[in-house]
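Shown next, in structure tokens, is the structure this report addresses.
Since every read-out is calculated from the coordinates, none of them should be taken as a lab result. Owing to the predicted nature of the structure, the values given are computational and were not obtained by experimental measurement. Backbone-built Cβ (ideal geometry, glycine too); neighbour counts: all protein chains shown.
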Amino acid sequence: MANIKITVWSEFTEPRSVYPNGIHGAVADYLKRDSRLEVRTSQLSDPEQGLSTDLLQQTDVLVWWGHAKHGEVANERVHRIVEQVRERGMGFVALHSAHYSKPFQAILDCPGHLGGWREAGEVERIWIVQPDHPVAKGLPNPIVIESEEMYSEPFVVPPPEELVMISWFAGGEVFRSACCWHSGKGRVFYFRPGHETYRTFYHPEVLKVIANGVLWAARVIG
């Protein structure tokens, strides 16, 4: 079987003190452990914002993290991504604040709004509610992150076709934190944790969820 081509994209505004090679670098380093995956990174400052037609056509799954510069992503690039997902079947994996990214909003035709958020370095417990789903394979229940940003419901997205995990926070808030959809020929996976000032993307179980999500979006599993 040919290698599965993965592109991990970031706007690269994350603090270098936390992520010297960016969040895309941290995620890509983990994904490269799987010999089936051919992994590269791209970022907002690259030519064509790291989203050229050639790159997208050679991408089986696009992993996306963004936070501060959603509006700077050109609509032309967003159209390319939506086309690749819906018409060719490219997978799309959205991480944390990518719920407000233009591609996520366009692919799912939703605003992606939250009920609220709180950046207080709280414990997040991620409960697996569909343990037989391939995204949950090999993971403990719950996954515990010692320091994260809180998101709360309602999450203004289409009802997930498969809800794999929900998060609980110290204030009692809950959030649908691992969600799966189909859009045209493509698969879409959203995973909640990953605020840029915390070391979440070095957490082995978080990275395992992302890796499982990539394989699911690529139709390797599930």
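Points to keep in mind about this one:
- Within the option set 101, 97, being hydroxyl-bearing (Ser, Thr, Tyr), within 26 Å of residue 166 (Cβ to Cβ) and in contact (Cβ under 8 Å) with a residue 60 or more places away in the chain holds for one residue only, 97.
- Residue count, region 128-152 (criterion: under 16 Å from residue 171 (Cβ atoms) and either assigned to a helix (DSSP H, G or I) or within 18 Å of the chain's Cα centre (by Cα) (or both)): 6
- Check on residue 7, crowded, with 21+ Cβ neighbours inside 10 Å, of a type in the set (S, T, N, Q), out of contact with any His (no Cβ under 7 Å at 6 or more places or on another chain) and assigned to a strand (DSSP E or B): yes
- Condition broken by residue 29, with the remaining ones in (1) in contact (Cβ under 8 Å) with a residue 24 or more places away in the chain; (2) surrounded by fewer than 21 Cβ atoms within 10 Å (Cβ to Cβ); (3) under 23 Å from residue 203 (Cβ atoms) satisfied: (1)
- Filter result (among the hydroxyl-bearing types (Ser, Thr, Tyr) and not in a helix (DSSP H, G or I)) within region 183-222: 183, 190, 197, 198
- If the condition is being in contact (Cβ under 8 Å) with a residue 40 or more places away in the chain, under 30 Å from residue 117 (Cα atoms) and either assigned to a loop (DSSP other than H, G, I, E, B) or of a type outside the set (A, V, I, L, M) (or both), then region 37-69 contributes 50, 51, 64, 65, 66, 67, 68, 69.
- Qualifying residue in region 122-144 (condition: touching a residue at least 60 places away in the same chain (Cβ under 8 Å), farther than 16 Å from residue 96 by Cα and small (Gly, Ala, Ser)): yes
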